[in-house]
Amino acid sequence: MVRQRWTTLLSWCADHDHIPELLTFARTLDTWRTEIINAVRTGASNAGSEGINRVQKLDLRAAFGYRNPENQRRRARVATLRSARRLHTATHRQRLWVIGPQHKPH
């Protein structure tokens, strides 16, 4: 199924070869064919690691660089854990809101 759709897509690109961007797109698809097909079949993704890299790069830019490599490692670790902590806190607050206040028996 994936290979049939792949062939259909490349045929469509070939039919519209008067558009230079589609030729570049088709070449890129051909170069990454195996990786793209495997990703579609397995659903594998490196989105998690890319997200962590993005957060670390943003933190590095915000700090205008680090002079001490140990501080850089520490800040990168803290920056990537913030979202996990925030999610846990948000879930906890939501759970308390849904349950409502706890009353002690008299």
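Every number here is computed from the coordinates shown, using simple stated rules; none is lab data. Please read these numbers as outputs of a predicted model, since none were measured by experiment. Here Cβ is always computed from backbone atoms with ideal geometry, including for glycine, and neighbour counts include all displayed protein chains.
Things worth noting here:
- Relative to the current alpha-carbon distance between SER49 and PHE25, full extension at 0.36 nm per residue lengthens the span by 6.1 nm.
- Rough spin-label spacing in nm, given labels placed 7 Å along Cα→Cβ, for ASN71 and HIS16: 5.2 nm
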